[in-house]
Each structure stands twice: as C-alpha cells, then as structure tokens.
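The values are calculated or read from the model by the stated rules, or taken from the named source; none is laboratory data. These figures come from a predicted structure and were not determined experimentally. All Cβ positions, even for glycine, are placed from backbone atoms using ideal geometry, and neighbour counts span all protein chains on display. Calculation scope for accessible area: heavy atoms of the full protein, side chains included, ligands and nucleic acids excluded. Shrake-Rupley method; radii C 1.70, N 1.55, O 1.52, S 1.80 Å.
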Amino acid sequence: MSKTLLVTRPQYDHGTHYLFHWSILYINLARAKGHKVLSLDRNRANRKELTGMMKKTNPRLICFNGHGNYDLIAGYNNEVLVRTNDNEALLAKTIVNVLACSSGKLLGPASIKNGTLAFIGYTEEFWFFYNNQETSKPLADERAKLFLEPANETINALLKGHTTKEAYQKSQNLYLQNIQKVLVSNSSEPYLARYLFWDMRNQVCLGDQNALL
Amino acid sequence: MQNQTTQKQIMELVIARLQVMPPDVSVSIGSEGDFTRDQLIEHVKKHDKLGQKITEIELSYLKMLKEGNFYVQNPLGH
C-alpha cells in the first residue's frame, strides 16, 4: 500500500550538502516502491512549509536531514523546525527518522509522549567524516559512505517492510560492519572506528518497536 | 598533581590519534561546523568544549575495546 514520506533536505553548508545528496538514494527507493515522496529542499526546509505539508498530507514517515540539538531539529539556515514544549505534537501519528545531532535525547521522548509512533535519531552529536577533496561528488565519497550508509539504513529497512526495531538493528549492524571494515590490517582509515562507534552508540529507537511503514 | 599528569597523558594520546589522520580528512559535527585534522588538534590542545568532546569519544572507544564489543549483535542479515 502506498504511503507518504516527507523529507527535509536543507543544503547550506558542507554537512547538509552531503545529507542532501545521500538522501536521494532512499528517495529513489521509496518512489520505486510506489510511495509518494514530498521533499522540502533547500530553503523550503522551513517551519511554515513543514507545518503546512504535515497538516495537508499526513505523512506516515518523516525523514529529517540537517542539524539539531537535544530539544530541537533545524532546517534551512538553522531555522528551528520542531522543538520540545513548542510544536512536537506536529509529529503525532508518524514515524520519525532524524539524521541530525542530539534530538533523540529530549525531543524524541517528548514527541513520543505527544503521540509520535516511533522516533529514530541520535542522543549526541552525529559526526561524519568526508574527503575534503571530493565535496563536489558526495555520493562518490567512500569515507562519508562509511557513516551515511548505516545512518540511512533505517529508512531503507522501513521501505523494505521491516519494523522500526528491525530497521534500527540493521543500521546498528551496518555501523558495526563498517567499524570492523576500517580495522582490518589493509585499511587506510582505522582512526574512523572510534567515530563510527560514537554514532552507533548514540543512535536510539524510541516508541513503538513494531511500527511499520 | 597526578590528575594533571593523567590529563596531560590523555591529551597527548588523543592528539597522537588525530595526527595519523590523512590531510584530506574533514569532519562535519552538526551545527558546530566542519573541521580539518589540524583544527581538531588545536581544539584538543585548548581543552575547550570541542576538545573535551573529542577526548570523550576517544575514552569511550577505549572502554569499548576493553569490553570487547566487536561482534555483530542480533544479526538479521541484509
């Protein structure tokens, strides 16, 4: 059955530039599976557009890309999109996946209390490394791939029919595989293991563990 | 005095770990911004908020190594 996905894709610094491009992969997968994807790109990743879209379309899955803090998720130019004790009820009846720093710590639990079905995100800063000579081709950046592929695996898994708990586990497994990959003897990137471990350790899946897209 | 020595040793360890990074490495840390290897080293030397975070990550990793959590948990396959 076709579902609606809402994706925020601000693009205004190196970090959001990479997330903008890496989200294309799951957007294409969603469309290939017959789902409707509404993408708030660049300066459209603002609070007014998000609120309007949420009310108009009732998406089943919201994928936030951008920056965040313990109690908020931001959009274009760091405009606050959702904040604790403000508008977290906007996320009610949806599955939320956040690729941003820290919002899993306070905003995640608060949104679950306010009716969000499930919230997958991070409780601390999300770190990812990239090749500063490859920034014009983010999808070709093998260093960034080590971080962003596991991070986005949650969405791929949901799109393939897995529960939120299974999606989280698949993402965790991919982080662990990438940690092991960089630690083998012929790897040139063993220093990345500690940062992959940091992201893996701080990823959380809150709310209904059996929620399905 | 011992605390200061330990802190200095930890700082040297963290800097040594950072120094092995190749020069084409940059890291994105949310709204904190983007940093090169040399900038990360400077923050560790300053022992500022970011420097302390880098140290925390290193110590967390060392603790994980000690606990041996290197196996795939609940493998579901892909």
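Worth pointing out:
- Matching residues in the range B:56-68 - criterion: being open to solvent by less than 10 Å² (accessible area, probe 1.4 Å) and either of a type in the set (Asp, Glu) or more than 8 Å from chain A (Cβ to nearest Cβ) (or both): B:Glu58
- Being over 25 Å from B:Leu50 (Cα atoms) and within 10 Å of chain B (Cβ to nearest Cβ) is a property that A:Leu196 lacks.
- Residue list for the range A:119-140, filter: more than 16 Å from A:Tyr191 (Cβ to Cβ), buried (at least 23 other Cβ atoms within 10 Å of the Cβ) and not small (Gly, Ala, Ser): A:Phe119, A:Ile120, A:Tyr122, A:Phe126
- From A:Glu125, A:Glu149, A:Glu134, residue being modelled with pLDDT of 95 or more, assigned to a loop (DSSP other than H, G, I, E, B) and acidic (Asp, Glu): A:Glu125
- Some residue of the range A:111-118 being at positive phi and surrounded by fewer than 19 Cβ atoms within 10 Å (Cβ to Cβ): yes
- The range B:35-55 residues that are under 13 Å from B:Pro23 (Cβ atoms) and open to solvent by 40 Å² or more (accessible area, probe 1.4 Å), paired with ones that are in a helix (DSSP H, G or I) and not charged (D, E, K, R) (beta carbon under 7 Å, 6 or more apart): B:Arg37/B:Leu18
- Contact map, the range A:153-182: first residue away from chain B (no Cβ under 11 Å), second residue surrounded by fewer than 18 Cβ atoms within 10 Å (Cβ to Cβ) and assigned to a helix (DSSP H, G or I), Cβ cut-off under 6 Å, separation 6 or more or different chains; pairs are A:Leu159/A:Leu29; A:Val182/A:Pro190.
- Among the residues listed as A:Leu25, A:Leu38, A:Leu50, A:Leu61, the single one being over 12 Å from the mean Cα position of the chain (by Cα) and under 17 Å from A:Ala157 (Cβ atoms): A:Leu25
- Considered as a group, the residues in the range A:159-213 that are among the small types (Gly, Ala, Ser) and surrounded by fewer than 22 Cβ atoms within 10 Å (Cβ to Cβ) include one that is farthest from the chain's Cα centre (by Cα), and that residue is A:Ser185.
- Where a residue in the range A:53-72 is within 15 Å of A:Phe119 (Cβ to Cβ) and within 11 Å of chain B (Cβ to nearest Cβ) and its partner, wherever it lies, is assigned to a strand (DSSP E or B) and open to solvent by 10 Å² or more (accessible area, probe 1.4 Å), with Cβ under 7 Å and at least six apart: A:Leu72/A:Val80; A:Leu72/A:Arg83
- Any hit, the range A:2-9, residues being within 13 Å of chain B (Cβ to nearest Cβ), open to solvent by less than 10 Å² (accessible area, probe 1.4 Å), under 21 Å from A:Tyr122 (Cα atoms) and not in a loop (DSSP other than H, G, I, E, B): no
- Selection status of A:Asn87, farther than 20 Å from A:Leu213 by Cβ and either open to solvent by 50 Å² or more (accessible area, probe 1.4 Å) or among the acidic types (Asp, Glu) (or both): no
- Within the range B:12-34, the set of residues being open to solvent by 40 Å² or more (accessible area, probe 1.4 Å) and touching a His at 6+ places or on another chain (Cβ under 7 Å) comprises B:Ser31, B:Asp34.
- For A:Leu50, the conditions (1) within 17 Å of A:Gly161 (Cα to Cα); (2) outside any strand (DSSP E or B); (3) touching a helix residue (DSSP H, G or I) at 6+ places or on another chain (Cβ under 9 Å) are fulfilled apart from (1).
- Long-range neighbours under 9 Å by Cβ, at least six apart or interchain, first residue more than 8 Å from chain A (Cβ to nearest Cβ) within the range B:9-29, second in a strand (DSSP E or B) and modelled with pLDDT of 95 or more: B:Pro23/B:Thr36
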